[in-house]
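Notes follow once the structure below has been shown.
The values are calculated or read from the model by the stated rules, or taken from the named source; none is laboratory data. On a predicted model such as this, the values are computed, not experimentally measured, just so you know. Note that each Cβ is placed from the backbone with ideal geometry, even for glycine, and that neighbours are counted across all protein chains shown. Areas reflect the complete protein model, heavy atoms only, side chains present, ligands, DNA and RNA absent. Shrake-Rupley method; radii C 1.70, N 1.55, O 1.52, S 1.80 Å.
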Amino acid sequence: MEPLYQYAWLIPVLPLVGAMLLGVGLISFNKFTNSLRKINAAVVITLMGGAMAYALALLWSQVQGTPAFSRSFEWAAAGDFQLTMGYVIDPLAAVMLVIVTTVAFLVMVYTDGYMAHDPGYVRFYAYLSLFGSSMLGLVISPNLVQVYIFWELVGMCSYLLIGFWYDRKAAADACQKAFVANRVGDFGLLLGMLGLYWATGSFDFGVMGDRLQELVASGVLWSGLAALFAILVFLGPVAKSAQFPLHVWLPDAMEGPTPISALIHAATMVAAGVFLIARMYPVFENIPIAMSTIAWTGAFTAFLGASIAMTQNDIKKGLAYSTISQLGYMVMAMGTGAYTAGLFHLMTHAYFKAMLFLGSGSVIHGMEEVVGHDPVLAQDMRLMGGLRKYMPLTSFSFLIGTLAISGIPPFAGFWSKDEILGFAFEINPALWLIGWLTAGITAFYMFRMYFMTFEGSFRGNETDIRAKIKSEFTADAESEEMLEPAFAPGAMNPAELDHDDHHSSEPHESPWTMTFPLLALSIPSIAIGLLGRPWHNDFEMFIHAPGETLAEVMEAAEHFELNEFLIMGGNSVGIALIGITLASLMYLRGKIDAGAIASKIKPLYQFSLKKWYFDEIYYSLFVVGLRRIARQMLEIDYRVVDGAVNFTGLVAVVSGQGLKYLESGRVQFYALIVFAAVLGFVVVSSLG
């Protein structure tokens with residue numbers, strides 16, 4: 001098995017080769033490269049498929065008990081300072097490699113159908129491949145510096161892909177918003193990295209944790225300073241995994257093409273924050289303040305995202321806030337010490353949320369012709385309904401994902417979410433209560449989404465609903481540029497936009513390149529959760545917290561309490577069923593008028609619909625506030641700094657002009673000045 005690990009570096013290199021080939025082709029032979037659309041796509045997909053096969057082989061090897069493998073080399077050295085680069089393959093890296101490569105491979109297949117007629121088809125594949133390489137490089141990084149390098153590359157790819165349709169103002173603004181929000185978190189991460197290196201003299205995850213614990217225990221390092229370093233590092237995951245208060249960028253990131261929403265903003269990049277917490281766990285676990293901060297940040301974010309998702313009408317925005325909520329679950333798990341449970345939910349969520357996002361893209365693709373290629377109308381669930389009749393494969397996969405995320409057994413989400421809630425209850429019942437309520441809200445908004453989209457009668461041709469949606473969009477638009485019709489989904493031929501007669505009264509199912517990934521992702525969404533069943537948790541035996549041994553894990557597993565599992569699992573399923581029942585009565589059977597309830601609690605409804613007004617608050621505090629400060633600084637610069645400089649120049653000019661009259665060249669005049677000066681000194685001395 002040694003050669004298998006010696007060449008593991010090929011996994012991130014293979015998609016990088018694809019990105020380089022397409023990038024060089026687009027720069028040097030743009031027209032020719034764009035003409036070979038299908039060939040370029042096939043090359044990139046094949047390379048990612050090769051990386052996926054390699055990742056599966058490594059995972060199988062790790063499952064068979066092969067020890068973790070690490071290889072490094074000296075990258076930079078100066079005196080006592082040494083910086084190494086390399087790669088590590090252990091159970092955590094093996095699982096993450098499989099998650100990233102499988103989801104990326106299926107998303108690339110899906111992209112061929114979704115972006116079929118987009119002019120940037122080849123460029124999109126180049127970005128996809130570059131992102132895949134960056135994320136895979138991050139996963140196998142053995143130290144914090146290398147993680148940071150790939151962390152920034154992943155962020156750059158996210159910027160490029162969110163703003164892929166850069167000629168649309170909304171997309172251009174969204175990628176800038178994502179960039180700025182992530183820079184705030186990454187600056188904290190950088191400060192924390194430097195602080196930990198100053199304290200421990202190492203960037204290695206395990207070494208940092210051990211030395212930091214020794215320094216704090218011996219009193220050499222103040223525990224508050226260690227906590228500060230840990231929380232600064234945590235700011236990186238807060239931004240990347242869209243946790244409060246830096247969560248605001250993720251919903252706007254839905255302006256990018258839907259395949260990106262599935263790959264980056266549901267399954268992989270946003271999970272990088274949780275992955276970093278797992279890698280940094282040796283540091284965090286010995287700092288109670290840091291663990292509490294992580295746990296409560298995750299719990300609040302989980303509730304925040306769910307409370308906003310329940311009123312959203314844009315199908316992608318609803319899924320975006322759902323992603324924020326589920327990431328909150330994972331972060332809360334890490335903060336409570338549920339290391340395995342958090343990673344297990346990361347894995348299950350990656351598959352069913354990627355499927356849900358791809359399903360939303362399939363719905364948008366099916367709705368395009370009906371609504372005249374208007375992305376605003378194509379994504380609004382109020383114009384959908386009854387799509388199960390027209391899109392059976394999409395509706396089936398979407399239902400599987402909805403059941404999984406709602407925590408209904410035996411689907412994948414039940415096992416991972418129930419494990420998190422169980423750990424939370426042991427640590428702090430208040431955290432459990434927040435997670436439990438969030439589980440009920442999750443089931444409600446997800447089945448609201450499913451019923452509005454796939455059940456009932458089709459509403460896509462109702463002109464009054466269209467007019468209402470457009471009027472709301474017009475009222476919310478910040479500029480005239482946002483009101484211009486924009487071509488969003490790339491599956492339609494742009495030439496068709498010029499033909500008013502190219503419309504359909506009914507939606508249609510997506511091509512096989514889009515439905516195949518949906519059906520493929522439905523398999524792990526159903527079955528993969530069984531790996532984490534509590535009476536024989538194979539996932540925990542494979543991946544457990546650093547410092548724990550397999551014997552300790554197996555001993556803990558022997559204490560499985562069936563009654564406790566039935567009570568905790570029954571509670572989580574019960575609250576989910578309540579949410580599903582309410583959604584059914586409101587949006588399927590019509591027994592409860594959701595509009596009447598919204599009008600009675602209008603302030604709360606608007607509070608959720610307007611996303612807790614975070615965008616408005618941040619705009620007032622940071623955008624308007626910083627502009628006001630900038631104007632005041634301009635006044636200070638103009639009146640104080642420039643005034644001082646101008647006054648100095650004026651003094652020089654005036655004194656120079658005055659002194660020139662003293663330079664007459666007459667000796668008698670100079671003698672008079674000397675006499676006057678001496679006389680002045682005498683007078684002053686006599687007065688003293």
Notebook entry, point to check: Which residue pairs have Cβ atoms under 6 Å apart, sit 6 or more places apart or on different chains, and have a first residue in the range 595-607 that is within 18 Å of Ala583 (Cα to Cα) and a second that is open to solvent by 50 Å² or more (accessible area, probe 1.4 Å)?
Noted result: Ala598/Tyr605
Item checked: Those residues of the range 618-657 which are open to solvent by less than 80 Å² (accessible area, probe 1.4 Å) and closer than 30 Å to His247 by Cα, in sequence order -> Tyr618, Ser620, Val623, Val624, Gly625, Ala630
Check: Tell me, which helices (runs of 4 or more DSSP H) wholly within the range 1-70 include 3 or more residues that are hydrophobic (A, V, I, L, M, F, W, C)?
Finding: 10-28, 37-63
Item checked: Unmet criterion (only one of (1) farther than 19 Å from Ser261 by Cβ; (2) surrounded by 24 or more Cβ atoms within 10 Å (Cβ to Cβ); (3) within 28 Å of the chain's Cα centre (by Cα)) for Phe425 -> (2)
Margin query: Quick check on the range 585-598. Is at least one of its residues open to solvent by 100 Å² or more (accessible area, probe 1.4 Å), at pLDDT 80 or above and farther than 30 Å from Thr311 by Cα?
Written below: no
Next item on the list: Sort out for me the helices (runs of 4 or more DSSP H) sitting completely within the range 232-349 that have 2 or more residues that are more than 15 Å from Lys611 (Cα to Cα) and of a type in the set (A, V, I, L, M).
Entry: 258-262, 271-279, 288-309, 315-335
Next item on the list: Of the numbered conditions (1) polar (S, T, N, Q); (2) under 14 Å from the mean Cα position of the chain (by Cα); (3) outside any helix (DSSP H, G or I), Ser202 fails exactly one; give the number of that condition.
Entry: (2)
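Out of Ser510, Ser504, Ser479, which single residue is open to solvent by less than 60 Å² (accessible area, probe 1.4 Å), among the polar types (S, T, N, Q) and modelled with pLDDT of 85 or more? Explain how you work it out, then say what you get.
Numbers: Ser504 fails: modelled with pLDDT of 85 or more; Ser479 fails: modelled with pLDDT of 85 or more.
Matching residue, one of Ser510, Ser504, Ser479: Ser510.
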Next item on the list: Identify, by number, the condition in (1) modelled with pLDDT under 95; (2) open to solvent by 50 Å² or more (accessible area, probe 1.4 Å); (3) within 19 Å of Leu138 (Cα to Cα) that Ser35 doesn't meet.
Entry: (3)
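Which of the following residues is crowded, with 23+ Cβ neighbours inside 10 Å, more than 25 Å from Asp186 (Cβ to Cβ), in contact (Cβ under 8 Å) with a residue 12 or more places away in the chain and more than 18 Å from the chain's Cα centre (by Cα): Tyr114, Tyr121? Let's see the steps before the verdict.
Values: Tyr121 fails: crowded, with 23+ Cβ neighbours inside 10 Å.
Result: Tyr114 is the single residue among Tyr114, Tyr121 that is crowded, with 23+ Cβ neighbours inside 10 Å, more than 25 Å from Asp186 (Cβ to Cβ), in contact (Cβ under 8 Å) with a residue 12 or more places away in the chain and more than 18 Å from the chain's Cα centre (by Cα).
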Checklist line | Residue list for the range 608-628, restricted to those being among the hydrophobic types (A, V, I, L, M, F, W, C) and either in contact with a strand residue (DSSP E or B) (Cβ under 6 Å, 6 or more places away or on another chain) or touching a residue at least 60 places away in the same chain (Cβ under 8 Å) (or both) | finding: Leu609, Trp612, Phe614
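Picking from Gly456, Gly422, Gly401, Gly435, which residue would you name as being within 17 Å of Ala583 (Cβ to Cβ) and in a helix (DSSP H, G or I)? First the steps, then the outcome.
On the way: Gly456 fails: in a helix (DSSP H, G or I); Gly422 fails: within 17 Å of Ala583 (Cβ to Cβ); Gly435 fails: within 17 Å of Ala583 (Cβ to Cβ).
On inspection, the qualifying residue turns out to be Gly401.
Would you confirm whether or not the range 401-415 contains a residue that is of a type in the set (S, T, N, Q), closer than 30 Å to Asn537 by Cα and modelled with pLDDT of 90 or more? Walk me through how you get there before you give the answer.
Taking the range 401-415 as the starting set, the residues that turn out to be of a type in the set (S, T, N, Q) are 402, 406.
Subsequent filtering for residues that are closer than 30 Å to Asn537 by Cα retains 402, 406.
Right, trim to modelled with pLDDT of 90 or more and you get 402, 406.
Yes; the residues of the range 401-415 include at least one that is of a type in the set (S, T, N, Q), closer than 30 Å to Asn537 by Cα and modelled with pLDDT of 90 or more.
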Notebook entry, point to check: What tally of residues in the range 325-371 results from selecting those that are closer than 22 Å to Ala306 by Cβ, open to solvent by 10 Å² or more (accessible area, probe 1.4 Å) and of a type in the set (D, E, K, R)?
Noted result: 0
Item checked: Those residues of the range 79-89 which are surrounded by fewer than 16 Cβ atoms within 10 Å (Cβ to Cβ) and touching a helix residue (DSSP H, G or I) at 6+ places or on another chain (Cβ under 8 Å), in sequence order -> Leu83
Notebook entry, point to check: Taking the range 411-432 only, how many residues are more than 7 Å from Gly529 (Cα to Cα), aliphatic (A, V, I, L, M) and in contact with a His (Cβ under 9 Å, 6 or more places away or on another chain)?
Noted result: 1
Next item on the list: Check Glu496 against each of (1) more than 17 Å from Arg168 (Cβ to Cβ); (2) at pLDDT 50 or above and name the one condition it does not meet.
Entry: (2)
Next item on the list: Filter the range 378-396 for residues that are open to solvent by 10 Å² or more (accessible area, probe 1.4 Å) and among the aliphatic types (A, V, I, L, M) and give the result.
Entry: Leu393
Check: Which of (1) at pLDDT below 90; (2) buried (at least 19 other Cβ atoms within 10 Å of the Cβ) does Ala486 not meet, given it meets every other one?
Finding: (2)
Next item on the list: Among the residues of the range 147-156, write down those that are in contact with a Gly (Cβ under 8 Å, 6 or more places away or on another chain) and crowded, with 20+ Cβ neighbours inside 10 Å.
Entry: Phe150, Trp151
Next item on the list: Tell me which residues, restricted to the range 95-114, are of a type in the set (Gly, Ala, Ser) and farther than 21 Å from Leu59 by Cα.
Entry: Gly113
Check: Residue check, Met135 against (1) out of contact with any Ser or Thr (no Cβ under 6 Å at 6 or more places or on another chain); (2) in contact (Cβ under 8 Å) with a residue 12 or more places away in the chain, all met but one. Which one?
Finding: (1)
Margin query: Checking Gly407 against (1) open to solvent by 10 Å² or more (accessible area, probe 1.4 Å); (2) at positive phi; (3) not aromatic (Phe, Trp, Tyr): exactly one of these is not met. Which one?
Written below: (1)
Notebook entry, point to check: Taking the range 64-78 on its own, how many of its residues are out of contact with any strand residue (DSSP E or B) (no Cβ under 7 Å at 6 or more places or on another chain) and open to solvent by 80 Å² or more (accessible area, probe 1.4 Å)?
Noted result: 2
Notebook entry, point to check: Taking the range 169-204 on its own, how many of its residues are in contact with a His (Cβ under 9 Å, 6 or more places away or on another chain) and surrounded by fewer than 18 Cβ atoms within 10 Å (Cβ to Cβ)?
Noted result: 0
Notebook entry, point to check: Hey, Ala53 hits all of (1) buried (at least 20 other Cβ atoms within 10 Å of the Cβ); (2) closer than 23 Å to Thr111 by Cβ; (3) of a type in the set (A, V, I, L, M, F, W, C) but one; which does it fall short on?
Noted result: (1)
Next item on the list: Select from the range 205-234 the residues that are open to solvent by 60 Å² or more (accessible area, probe 1.4 Å) and in contact (Cβ under 8 Å) with a residue 40 or more places away in the chain and list them in ascending order.
Entry: Asp210, Gln213, Ser223
